[in-house]
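The values are calculated or read from the model by the stated rules, or taken from the named source; none is laboratory data. Since this is a predicted model, take the numbers as computed values, not measurements. Neighbour counts run over all protein chains shown; Cβ positions are idealised from the backbone, glycine included. When the accessible area is computed, the model is the full protein with side chains, heavy atoms only, and any ligands, DNA or RNA have been set aside. Shrake-Rupley method; radii C 1.70, N 1.55, O 1.52, S 1.80 Å.
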Amino acid sequence: MTIRIFNRAPALFVLCSLLSACSQPTGSCVQPAGVTLQVLGSGGPIADDGRASSAYLVWVDGKARVMIDAGGGSFLRFGEAGARFEDLDFIGLSHLHTDHSAGLPPLLKSGSFSDRERPLPIAGPGGDGVFPGVDDFLKSVLDRDSGAYGYLSGFLDGSNGTPMLTTVEVATGDAVSIWSGENVAVDGKRVPHGIVPAVAFRVRAGDTTIVFGSDQNGSDPAFAEFARGASILVMHMVVPEDVRGVGRRLHAPPSVIGEVAGHANPGKLVLSHFMARSLKDLEANVALVRKGYGGSVTVAEDLSCVTP
Ligand SMILES: [Zn+2]
């Protein structure tokens, strides 16, 4: 009897040698010019949606310059998107729930293999109650002596040529300027997410403005002002319309998302951060959003690209 052992790897290598497309990341949004939003993770905190948790890239002229959120799974999606750690100019963590921040350490470790030495600005909320601010969060992870991943402490002090993280904490409900660089600027504003300090980010690149609403319950009318006239507004549709209790204190149901978007009036609305319970009646939930907002609505998928 003949036993045949089929090893797929050599066959794949031959195929990729013949098809240069194999060397391209399957989820690339890269455009030589212009601004593109890429969804890295469109899922939520429960492992029931088949999606990475919250993470987004803003591509500017072919480079992934800004990353908002780094939830679980974003490490894998970052690579699939073809993004490079060297190109990142800014990381914003909207809040310090795991589904928005747990992917950061592996991303940093991956970046430690790059040639990058220049500092990397990273912003998030200031601390409140049981939640640390982004500064203490990074120390709890990266401190040489007490950090869970103290072996990555170069990101705190720049030792051994490691790019140092420079932190900015957003502690106010007023809109504040956080960071600006070549042709790109980022503003932030605290948004209501129960007792959890959370920040919405507004990324301006050329004529394009992309607002990331973070997890929020939609109760602050100043947020719609913050997002007014954005090219793209990303809102997190986590819960169904009949949500009550803690879920409602944390999150806006679809009809409230529609009202917020209606007031902000963006060019496009991207709905994201799904779980099984908000995907269950997706069509009906999107219809509720559309009652308040008559513009273009996109339902996010991991690695999807949205242009202004
Ligand atoms: Zn979340």
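Could you list, in sequence order, the residues of region 31-48 that are within 25 Å of A102 (Cβ to Cβ) and buried (at least 19 other Cβ atoms within 10 Å of the Cβ)? Break it down into steps so the answer makes sense when it comes.
Narrowing region 31-48 to residues within 25 Å of A102 (Cβ to Cβ): 37-48.
Matches in region 31-48: L37, Q38, V39, L40, G41, S42, G43, G44, P45.
Taking region 259-281, which residues are part of a strand (DSSP E or B) and crowded, with 22+ Cβ neighbours inside 10 Å?
Pass one, region 259-281, residues part of a strand (DSSP E or B): 268-272, 274.
The answer is L269, V270, L271, S272, F274.
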Index of the failed condition, V256 passing every other in (1) open to solvent by less than 50 Å² (accessible area, probe 1.4 Å); (2) within 20 Å of the chain's Cα centre (by Cα): (2)
Within region 50-71, can you find the residues that are at pLDDT 95 or above, under 21 Å from V299 (Cβ atoms) and open to solvent by 30 Å² or more (accessible area, probe 1.4 Å)? R51
Looking at region 41-49, can you tell me whether even one residue there is under 24 Å from V299 (Cα atoms), more than 12 Å from the chain's Cα centre (by Cα) and acidic (D, E)? yes
Sort out which residues of region 237-246 are within 16 Å of the ligand (Cβ to nearest atom) and open to solvent by 10 Å² or more (accessible area, probe 1.4 Å), and write them in order of number. P240, V243, V246
Among the numbered criteria (1) touching a helix residue (DSSP H, G or I) at 6+ places or on another chain (Cβ under 8 Å); (2) buried (at least 24 other Cβ atoms within 10 Å of the Cβ), which one does G27 miss? (2)
So how many residues does region 131-174 have that are charged (D, E, K, R), out of contact with any strand residue (DSSP E or B) (no Cβ under 8 Å at 6 or more places or on another chain) and open to solvent by 50 Å² or more (accessible area, probe 1.4 Å)? 5
How many residues does region 95-109 hold that are out of contact with any helix residue (DSSP H, G or I) (no Cβ under 9 Å at 6 or more places or on another chain) and part of a helix (DSSP H, G or I)? 3
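Restricting region 210-234 to residues that are within 16 Å of the ligand (Cβ to nearest atom) and in a loop (DSSP other than H, G, I, E, B), which is nearest to the chain's Cα centre (by Cα)?
First pass over region 210-234, keeping only residues within 16 Å of the ligand (Cβ to nearest atom): 212-218, 234.
Applying the additional criterion that residues be in a loop (DSSP other than H, G, I, E, B) yields 213-218.
Values: G213: 10, S214: 9, D215: 11, Q216: 15, N217: 18, G218: 19 Å.
Per the stated criteria, the residue is S214.
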